[in-house]
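Q: Here's a structure for you.
The values are calculated or read from the model by the stated rules, or taken from the named source; none is laboratory data. None of these values were measured; they are calculated from a predicted model. Quick reminder, even Gly has a Cβ in these numbers, built from the backbone with ideal geometry, and neighbours come from all protein chains shown. Accessible surface is based on the protein model in full, side chains and every heavy atom, while ligands, DNA and RNA are left aside. Shrake-Rupley method; radii C 1.70, N 1.55, O 1.52, S 1.80 Å.
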Amino acid sequence: MRAEDKDKILTEVQSRVVESTIEGAKGSGRDVRHALEEILADSVYHERRRLREDRKSPVRDQDKLFWRAVQKELGTANERTLADVMRRAVRHYASEICGNFDDRVYRVATKVLPTALSVLLNSISPKRLVTKFPQMPGIDETVVLQGETEHVRKLHEAGTVVFAPTHLSNLDSIILGYSIFRLGLPPVIYGAGLNLFTNPIMGYFMRNLGAYTVDRRKRDPLYKTVLKEYATLTLEHGYDNLFFPGGTRGRSGALERRLKLGLMGTTVTAYTNNLRTRAARPKLFVVPVTLSFKLVLEAETLIDDFLKEVGKGRYIITDDEFSKPTRVADFFRQLIRMNSRMYVTFGRGHDPFGNPVDEQGESLDPNGRFVDPARYVLQGGMPVHDTHRDKQYTAELGARIGEAFSKYNVIQSTHVLARAMFTLLRLHNRTDIVRLLRVGGQVEDMELREVYREVDRVLSELRGLSDRGGIMLDPVVARSDAEDLVADAISAFASYHARQAVTRKGDRLFASDRNLLFYYHNRLEGYRLDRNAGGDSGSGLLPALSDDHRTLRRSR
Amino acid sequence: MADAQKPSAAVVLGAGPLGVAIAGVLRARGIPVRLWARRKAARDAAADVVPGLTLCTSVEEAVTGAGVAPGAIGIVVLGVPASGLPEVAEAYGHFAQPDHIVLHAVRGVCSTSTQVPDGNLQLAHRVIRAHTCARKIGVLGGPLYAPDLSNPKPLAVVLASPFNEPFMAVAGLTAGGSIKVHQSYDIVGVELAGAMSNVSAIAAGVAEGLDLGDTAVGVLMTRGLSETAQFAQGLGADVRTFFGLAGVGDLIPRHVASTERHREFGALLAKGTEVAVAAKKVGAVSAEGIEGMVSAREVVRYADRVGSRSKLVLARAVNALCSDKASAADILDGVLSQHLELGPAMGTV
């Protein structure tokens, strides 16, 4: 971000948040002083509560002092003073969020990025690797960019782009940062949890790739307002953004289907504001992106968290694989050694109302006719905000993104084997899925032949679906027979995870780690693949995950 | 505000009884109304009932001729039954605008001509959405009896839309009159309640035709309501919708036009009349014009494809009857002998 923009944005966040509070109070006939006081009191309450628990924060003392000063003003100060205090509080949050962007570091970082990332992704010691594996592919071959890349490049010319990727791993933002760089686009701005900055190497890259900090410990509504306003303003200033519509990393391994649309809603807001200020480039586009790995760095931690407290996935994990540089290095080493690909698939852009757009950024209706998107927000000839209306638009946009995720999901051998094995486990044990995962069933292993049969069945369903454009397949999945696919997946499972998901003994396969199996199996959830598992009469299996994919279905 | 909410123009596409009645309500509030219907006779008949209509010979003339300024409120009423909806929505799609408010009162699920394995249930608002750029789509539900719209009798309708705008536009029009408009956000629930009340009406008609008495009718209605509620819940609808005017409220009045027609159709089937003949007798062009029959078929197909917690006993029975798979008596017997399990959505009896 340019330094002059940063100041402008900070000042504007301040005035917008405070003014909209005052206006909101006036509009609903409330006492303005009272309204301001209430919000600030709320902030003090939430922040003091957080500070009591969050002892590791490096700025704990400053924060304490700050909120103590705010508290002193409550109760006695008049309306003007309170508005000032609120302005300060907003500034306090906003400057933490946008961090210490340094213009010079930023420019350097974008220049050294490809080399540095290549070094990083090639597991830090390229020399050693190259001597060990002279045929090792470089990062350019490991990360495969596909889909509507040309379209996305053109959209960037026509307006501001918001990338909306699936989220499995903390590596996602780095891989994406690199991919966007390879598209020839400037770095994107994105929010990242404070805890991600603990890995010093990653932290450095993230900060200088445009990451701003999101402290999920802060429960204060004012903080969330400031975050949203900050994102809105960067969009209005024409900075491309990256939003993870799933919120945090998916714990279950499944694709996000119910999306958190709070941040996504800023696209309608920013677009409306752009129309009001008659901005030169008012348009915004949301581009769905899927990431697909054969193995997921944090799979073990994530699925354990999912199963620990089913339906939550809300804990902030601070000490997972990502925070250990050696583990990250090991992960990449294995991926590259296996000649495995990471797929970054770009979908088609959409306007904030869920209409697809063409290369010039013109919105299209379902039959490809031009639509004037401004008319979605006009009222009496003027562009206006309307919280309820805009939420519906964003829900529509979210639905389109969800569909794109499903369509651009790239399936690898590990997903197919895990799907087949886990489905067979369920068929053999016929028990409650929660129980199966926690306690295990009577049958833990099966004949290789049986697995091949089920893999073949899944493959034929997947290939049909892929022909109809409903899913994407890695070459191994698209072309191998069951035997090769199973061998490929087993060697992948054996390569990195501390616990192996599947092991082979003679002509039998053992489900040695049900949780991991379940995790990779979930990547194929929602395609109704197991209707006919185990015979044509129907398997009777209900989907393993419930509708919102953050919870397990409790019944069998 | 009141004036800002007032529609500047309205377009009615299709001259069914309900479309004409709504045109009358709009005209009575001084709003210019342009009406299109395929047949000239239908247009002229509408003009006789509602004075001051601008009759149009093409959808383009009706919609673009209305000249709604960007951001002004324009109402487009798709006054056609389910069988005609895809065609009219497609024709309207060429001229639709993002700020249009689109209303319909379709009481049926549209037929899927092609069997797409991943296809969705063709609810009316989805059909409209699939052909147009419009978002502010609303359904009118509840016991709508078209002739009552022009009578001073108290009348209530449910207007369901995820957006507020359709409700505000209609509520502004009916304020102070004898029509009370209730707002709902549950468009899926209201559409399904309307569609499935016709399925229940066919079953009720069969029971009447076989002279099984009022108890049987009561059981069938209850079954229809509860299984639909459960099914609809799986599609994201709110169960409470079925306790409201669009659900229970819709089952009680018997003389709502579409209910009457479906009951008659059911009674004819009970007496052994062939489906196509029965359909003609109740005034449908073909069997596909019987919304309850098509809805039963589509819902059952969808449930078989995707799975549903609801067993859809009644819908399956009506579907089997309409596809000549069994006799009326056998089928109703099958339904009536089943335990009335209302399921988690509605509690158990």
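Q: Select, from B:Val306, B:Val299, the only residue that is of a type in the set (Val, Ile, Thr), out of contact with any Leu (no Cβ under 6 Å at 6 or more places or on another chain) and within 14 Å of another protein chain (Cβ to nearest Cβ).
A: On inspection, the qualifying residue turns out to be B:Val306.
Q: Yes or no: the range B:82-98 includes at least one residue that is crowded, with 21+ Cβ neighbours inside 10 Å and in contact with an Asp or Glu (Cβ under 6 Å, 6 or more places away or on another chain).
A: Yes; the residues of the range B:82-98 include at least one that is crowded, with 21+ Cβ neighbours inside 10 Å and in contact with an Asp or Glu (Cβ under 6 Å, 6 or more places away or on another chain).
Q: Looking at A:Ala494, is it surrounded by 18 or more Cβ atoms within 10 Å (Cβ to Cβ) and among the small types (Gly, Ala, Ser)?
A: no
Q: Tell me, which helices (runs of 4 or more DSSP H) lie completely within the range A:166-239 with 3 or more residues that are among the hydroxyl-bearing types (Ser, Thr, Tyr) and either modelled with pLDDT of 90 or more or over 22 Å from A:Gln14 (Cα atoms) (or both)?
A: A:172-182, A:221-236
Q: Could we say that B:Gly67 is open to solvent by 20 Å² or more (accessible area, probe 1.4 Å), touching a residue at least 24 places away in the same chain (Cβ under 8 Å) and at positive phi here?
A: yes
Q: Turning to a different aspect of this structure: Does any residue of the range A:297-306 turn out to be in contact with a Gly (Cβ under 7 Å, 6 or more places away or on another chain), in a helix (DSSP H, G or I), at pLDDT below 85 and within 19 Å of A:Asp172 (Cβ to Cβ)?
A: Yes, there is a match, as at least one residue in the range A:297-306 is in contact with a Gly (Cβ under 7 Å, 6 or more places away or on another chain), in a helix (DSSP H, G or I), at pLDDT below 85 and within 19 Å of A:Asp172 (Cβ to Cβ).
Q: Additional query: Can you tell me which residue among A:Leu462, A:Leu437, A:Leu427, A:Leu524 is surrounded by 15 or more Cβ atoms within 10 Å (Cβ to Cβ), touching a Ser or Thr at 6+ places or on another chain (Cβ under 9 Å) and either closer than 21 Å to A:Leu307 by Cα or not charged (D, E, K, R) (or both)?
A: Result: A:Leu427 is the single residue among A:Leu462, A:Leu437, A:Leu427, A:Leu524 that is surrounded by 15 or more Cβ atoms within 10 Å (Cβ to Cβ), touching a Ser or Thr at 6+ places or on another chain (Cβ under 9 Å) and either closer than 21 Å to A:Leu307 by Cα or not charged (D, E, K, R) (or both).
Q: Just for the range A:21-58: of the residues that are among the hydroxyl-bearing types (Ser, Thr, Tyr) and open to solvent by 70 Å² or more (accessible area, probe 1.4 Å), which one is farthest from A:Arg68 (Cα to Cα)?
A: Once the filter is applied, the top-ranked residue is A:Ser28.
Q: For the list (1) within 19 Å of B:Leu140 (Cβ to Cβ); (2) touching a residue at least 60 places away in the same chain (Cβ under 8 Å); (3) open to solvent by 40 Å² or more (accessible area, probe 1.4 Å), I need the number of the one condition that B:Ser8 fails.
A: (1)
Q: Let me ask something else. For the range B:125-145, name all the residues that are more than 7 Å from chain A (Cβ to nearest Cβ) and within 15 Å of B:Ala91 (Cα to Cα).
A: B:Val127, B:Ile128, B:Arg129, B:Ala134, listed by residue number.
Q: Right, here's the next one. Would you be able to say whether some residue in the range B:224-241 is more than 21 Å from B:Val318 (Cα to Cα) and of a type in the set (Asp, Glu)?
A: So far as the range B:224-241 goes, yes, one or more of its residues are more than 21 Å from B:Val318 (Cα to Cα) and of a type in the set (Asp, Glu).
Q: State all residues of the range A:366-384 that are buried (at least 20 other Cβ atoms within 10 Å of the Cβ), facing another protein chain (nearest Cβ under 8 Å) and within 29 Å of the chain's Cα centre (by Cα); if no residue qualifies, say none.
A: Selection gives A:Pro373, A:Tyr376.
Q: Moving to a separate point now. Give me a count of the residues in the range A:370-406 that are in contact (Cβ under 8 Å) with a residue 12 or more places away in the chain, closer than 30 Å to A:Ile471 by Cα and in contact with a strand residue (DSSP E or B) (Cβ under 8 Å, 6 or more places away or on another chain).
A: Qualifying residue count, the range A:370-406: 7.
Q: Residue under question is B:His94, and the condition is that it be touching a residue at least 60 places away in the same chain (Cβ under 8 Å) and within 14 Å of another protein chain (Cβ to nearest Cβ); does it hold?
A: No, not satisfied.
Q: Quick check on my filter: what residues within the range A:265-284 are touching a residue at least 12 places away in the same chain (Cβ under 8 Å) and among the small types (Gly, Ala, Ser)?
A: A:Gly265, A:Ala270, A:Ala279
Q: Picking from A:Thr387, A:Thr394, which residue would you name as being among the β-branched types (Val, Ile, Thr) and either open to solvent by less than 20 Å² (accessible area, probe 1.4 Å) or within 7 Å of chain B (Cβ to nearest Cβ) (or both)?
A: A:Thr394
Q: Need at least 3 residues that are surrounded by 24 or more Cβ atoms within 10 Å (Cβ to Cβ) and either touching a residue at least 24 places away in the same chain (Cβ under 8 Å) or of a type outside the set (A, V, I, L, M) (or both) per element, so show me which helices (runs of 4 or more DSSP H) inside the range B:263-327 make the cut, counting only ones lying wholly within it.
A: Passing ranges, in order: B:291-306, B:313-322.
Q: I've got another one for you. Give the residue, chosen from A:Arg419, A:Arg463, A:Arg435, that is free of Cβ contacts under 8 Å to residues at least 12 places away in the same chain and under 30 Å from the mean Cα position of the chain (by Cα).
A: After applying the criteria, what remains is A:Arg435.
Q: Being under 20 Å from A:Tyr223 (Cα atoms) and part of a loop (DSSP other than H, G, I, E, B) is the filter here, so list the residues in the range A:260-296 that pass it.
A: A:Lys260, A:Leu261, A:Gly262, A:Leu263, A:Met264, A:Gly265
Q: Given the options B:Val20, B:Val49, name the one that is under 22 Å from the mean Cα position of the chain (by Cα) and surrounded by 14 or more Cβ atoms within 10 Å (Cβ to Cβ).
A: The conditions single out B:Val20.
Q: If we scan the range B:34-44, do we find a residue that is at pLDDT below 90 and either closer than 22 Å to B:Ile101 by Cα or open to solvent by 30 Å² or more (accessible area, probe 1.4 Å) (or both)?
A: no
Q: Give the range B:171-197 a look and list any residue that's assigned to a helix (DSSP H, G or I) and either among the hydrophobic types (A, V, I, L, M, F, W, C) or surrounded by fewer than 22 Cβ atoms within 10 Å (Cβ to Cβ) (or both), or say none.
A: Across the range B:171-197, the qualifying residues are B:Ala171, B:Gly172, B:Leu173, B:Thr174, B:Ile187, B:Val188, B:Val190, B:Leu192, B:Ala193, B:Ala195, B:Met196.
Q: Residues of the range B:133-170 being modelled with pLDDT of 95 or more and either surrounded by fewer than 20 Cβ atoms within 10 Å (Cβ to Cβ) or part of a loop (DSSP other than H, G, I, E, B) (or both), which ones?
A: B:Cys133, B:Ala134, B:Arg135, B:Ser161, B:Pro162, B:Phe163, B:Asn164
Q: When the range A:466-487 is examined, which residues are found to be open to solvent by 50 Å² or more (accessible area, probe 1.4 Å), in contact with a strand residue (DSSP E or B) (Cβ under 6 Å, 6 or more places away or on another chain) and within 14 Å of another protein chain (Cβ to nearest Cβ)?
A: None; the set is empty.
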